[in-house]
Amino acid sequence: MAIHFEVMDDMKGNILFATDAVGNDVICAPLLNKGTAFTKNERDRFGLNGLLPPRILSIIVFCCNWSIFPGLQLSESPTLINTPYGVIVTMCASRVNPELLIHAFKEGAWGVMINGCPPEECEHGGNYKARRRILLFKNLLKQLNIEPKRVRMGWFSSGESIKLKQAIDDFVDELEKLGPIDESPMISYW
């Protein structure tokens, strides 16, 4: 059976797929399948309840290229395969803007961690800018009825990859206690 869908632009720069497909037809269509990232409303709408495992913990970890990531690469800790987090390397912690964080939550992340140089080691002053942004973003999360502790910021030197790994593990433990984010209408709106 052919799956029909229409590609649309929501006038905000997002590409949307409209379809009448349900159940296995959605799962078998690569352009429609989001794996475990389907929200509760999407699972109901597309008849996916019971066809997919429950939402699984996912965390996005942003790491500054100049401090954390080289240490993470050289670390003796296990590889990033089979972990509940993905690492995104950014040139500076200050380059992680709130729009990226909203997008991560909108796509199903349970939490976001931003890691940069310790303030006294940063050559660009970006960590001060990042800290201000994160404080403002946590206030925005309160307005959206999302726990601000789902966003964490850390300062790590390049030789502290074991400390970083421990901080990520602690964050994973905390997010497992919180559970997934209830789908917020405001997040969906964005």
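The values are calculated or read from the model by the stated rules, or taken from the named source; none is laboratory data. This one's a predicted model, so the numbers in the text were calculated from it and none came from an experiment. All Cβ positions, even for glycine, are placed from backbone atoms using ideal geometry, and neighbour counts span all protein chains on display.
A few notes on this one:
- Considering (1) modelled with pLDDT under 90; (2) surrounded by 19 or more Cβ atoms within 10 Å (Cβ to Cβ); (3) under 20 Å from ASP170 (Cβ atoms), the lone condition that ASN82 does not fulfil carries the number (2).
- The condition (being at negative phi, under 16 Å from the mean Cα position of the chain (by Cα) and exposed (fewer than 15 other Cβ atoms within 10 Å of the Cβ)) is satisfied by just one residue among PRO98, PRO180: PRO98.
- Subset of region 84-99 (residues that are assigned to a helix (DSSP H, G or I) and touching a residue at least 12 places away in the same chain (Cβ under 8 Å)): ALA93, SER94, ARG95, PRO98
- If the condition is being touching a strand residue (DSSP E or B) at 6+ places or on another chain (Cβ under 7 Å) and under 23 Å from SER158 (Cβ atoms), then region 127-142 contributes ASN127, ALA130, ARG131, ILE134.
- Residue match in region 130-142 (condition: surrounded by 15 or more Cβ atoms within 10 Å (Cβ to Cβ), part of a loop (DSSP other than H, G, I, E, B) and either modelled with pLDDT under 90 or in the same structural domain as ILE68 (by TED's automatic domain parsing) (or both)): no
- Residue ID - modelled with the lowest pLDDT, chosen from residues in region 155-190 that are touching a Pro at 6+ places or on another chain (Cβ under 7 Å) and of a type outside the set (Phe, Trp, Tyr): SER158
- Qualifying residue in region 109-126 (condition: assigned to a helix (DSSP H, G or I) and in contact (Cβ under 8 Å) with a residue 12 or more places away in the chain): yes
- Any hit, region 50-71, residues being on the phi > 0 side of the Ramachandran plot and modelled with pLDDT of 80 or more: no
- Residues in region 110-129 that are surrounded by fewer than 22 Cβ atoms within 10 Å (Cβ to Cβ) and either closer than 15 Å to LEU144 by Cβ or out of contact with any Cys (no Cβ under 7 Å at 6 or more places or on another chain) (or both): PRO118, PRO119, GLU120, GLU121, CYS122, GLU123, GLY125, TYR128, LYS129.
- Here is the figure for region 141-173: residues that are under 16 Å from VAL112 (Cβ atoms), in contact (Cβ under 8 Å) with a residue 40 or more places away in the chain and acidic (Asp, Glu) total 0.
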